[in-house]
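S.K.: Pasting in a structure now, in structure tokens, and then I'll have a few things to ask.
The values are calculated or read from the model by the stated rules, or taken from the named source; none is laboratory data. These figures come from a predicted structure and were not determined experimentally. FYI the Cβ positions are ideal-geometry reconstructions off the backbone, even for glycines, and counts take in every protein chain you see. Surface areas here come from the heavy atoms of the whole protein model, side chains and all, with no ligands, DNA or RNA. Shrake-Rupley method; radii C 1.70, N 1.55, O 1.52, S 1.80 Å.
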Amino acid sequence: QEFTLEYPCHSPTEKRWFNVSVTPFLENGDMRIVVAHEDITKTKLAEEDLKISSEKFQTLVDSTGGIVWEADAKNFNFNYVSQEAERLLGYPIEEWKTDGFWANHLHPDEKDQIISFCVSRTKKMEAHDFIYRFKSKKGNYLWLRDIVTVVTENGKPICLRGIMFDISQQKETEESLRESENKYRDLVEHS
């Protein structure tokens with residue numbers, strides 16, 4: 001039977017962890033036991049550090065205000081998407097990881113152009129920054145700015161990492177300004 005013990009060592013605040021193995025056996029009709037122990041303190045401390053680092057990283061990612069993501073460089077399928085994706089666009093995280101999810105939610109008027117652009121930049125192993133419309137779970141399209149880094153290995157693209165920002169409000173403001181400009185121009189021309 002194996003179990004882990006935790007007990008104070010040199011000082012009351014220092015913890016040590018041990019794996020302890022107890023093996024019973026019979027010797028000349030008498031029950032005996034062999035106890036073996038292994039100090040696993042370094043491993044436990046490393047696990048705690050990793051957990052703390054992971055929690056800090058997740059907090060940082062979740063506070064960016066953008067969708068942090070990673071995808072396969074060959075098919076653009078996501079293997080990681082931050083929680084902001086679900087909040088912003090409504091799709092559960094697991095749905096983002098299905099085959100063709102990204103391409104299938106691009107606006108039909110720009111889908112081919114956007115995919116072609118991404119394929120071209122990825123093959124050239126070039127970072128790219130672009131804007132496109134993406135369909136939300138509610139059915140409306142949001143404007144996203146996507147900033148992408150191509151991760152390579154042995155001179156070949158292996159994955160893409162990026163962050164998407166919702167710029168829909170900025171696009172609406174630009175459109176309102178354009179409309180106001182056109183109305184003003186019409187008034188000036190017709191007066």
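S.K.: Only helices (runs of 4 or more DSSP H) wholly contained in the stretch 25-131 count here; list those with 2 or more residues that are among the small types (Gly, Ala, Ser) and under 20 Å from the mean Cα position of the chain (by Cα).
M.R.: Helices (runs of 4 or more DSSP H) meeting the threshold: 41-62.
S.K.: Name, by its number, the condition in (1) open to solvent by 70 Å² or more (accessible area, probe 1.4 Å); (2) within 22 Å of the chain's Cα centre (by Cα) that does not hold for Leu177.
M.R.: (2)
S.K.: Do we have any residue at all in the stretch 130-148 that's open to solvent by less than 70 Å² (accessible area, probe 1.4 Å), of a type outside the set (Lys, Arg), in contact (Cβ under 8 Å) with a residue 40 or more places away in the chain and closer than 15 Å to Ala71 by Cα?
M.R.: no
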